[in-house]
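The values are calculated or read from the model by the stated rules, or taken from the named source; none is laboratory data. Everything quoted here is computed from the prediction, not taken from an experiment. Please note: Cβ atoms are built from the backbone with ideal geometry, for glycine as well, and neighbour counts cover all protein chains shown. To get the accessible areas, we keep the full protein, side chains included, count just its heavy atoms, and leave off ligands, DNA and RNA. Shrake-Rupley method; radii C 1.70, N 1.55, O 1.52, S 1.80 Å.
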Amino acid sequence: MTTTAASGRSTPTSTAPPSWMPVAAVATTLVLWASAFVAIRHLGHDFSAGPLSLGRTLIGAIVLGALALSRGLPRPTRREWVSLVTIGVLWFGVYNVALNEGEQRVDAGTAAMLIQVSPVLIALLAAVFLSERFTVYLGLGLALAFSGVAVIGLTTSPDADGGRDLLGVALCLVSAVVYSISLILQKPLVARLSALHVTWLACTIGAVACLPFAPALLREAGEAPTSSLLWVLYLGVFPTAIAFTTYAFALQHMTASSLGVTTYLVPPITIVLGLIFLDEVPPAMAYVGGALALVGVAVARRKPRPRAQQEPTPA
């Protein structure tokens, strides 16, 4: 919830929400984002990566704009605009295009597992830019997580040259990197601006960045069946407009690294949904790589034990 000052600036209220609300916001985000992996994979037959990104962000921007403008016009500072533009281009532009193209090459569950190296990257970036502590566990977790990614990459590349599937793995990793950077940039923004306004502005910027794909979107939408158009609408409203807003709301009330690690629940949800709706599951060894990556995430988030105070030795 926000209040609008006389200057027109939108700032969060000082009243803390009930403790269950950030948890509910995270849960909503995780389920909707998991469904997005399945929807993207399904739509790969009718939409290429760029046009699908434009369609999703355009719908998201329209829905978010209708809600955001009813709560006043945000007035970001010049520095905040730089962060917003960066987030919009990276998270809503590059992330979507890379993930959409990556899911043309790897299944939904594998893509979701690859994205889960992001909590380790977030923890690393938070240590550098948000003054969160860098620990030995973080370094070890980073090594384990990327070992898991290597296993997944080898597993999903059965061809002799391995080029096509390795490209899919690389594109999913690009999505993980830009997501991690964007989350770190977003944390200071939601400390002053509302989650809804931040998400709307970033999504709109992402849509503008994807406008070169407009002719292809019009052509592919004209050829796509109605069911696929409805799936694009779903992507724009639910995993984009709703899920990104609930995630930004949760970020207002949790640390960046703590929130980032919650997304490890996305892969199992995605795998179940992929089995139900797409009748596909990741290769067997991809589970090993995914488990190794998740162990790395868990190790990276482990807190070192504080040293116990030495008791004086009795004489």
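For Y264, the accessible surface of its heavy atoms amounts to roughly 110 Å² (probe 1.4 Å, protein chains only, rounded to the nearest 10). Please report how far the C-alpha centroid of the stretch 65-128 lies from that of the stretch 178-221, rounded to the nearest whole angstrom. Distance between centres, Cα-based: 7 Å.
In this view, the solvent-accessible surface of M254, computed with a 1.4 Å probe and all protein chains in place, comes to about 50 Å².
Taking 0.36 nm per residue of sequence separation and removing the Cα-Cα distance, the L73/W20 pair yields an extension gain of 16.2 nm.
The peptide list 59-68, 275-284, put in order of mean Cβ contacts within 10 Å with the highest first, becomes 59-68, 275-284.
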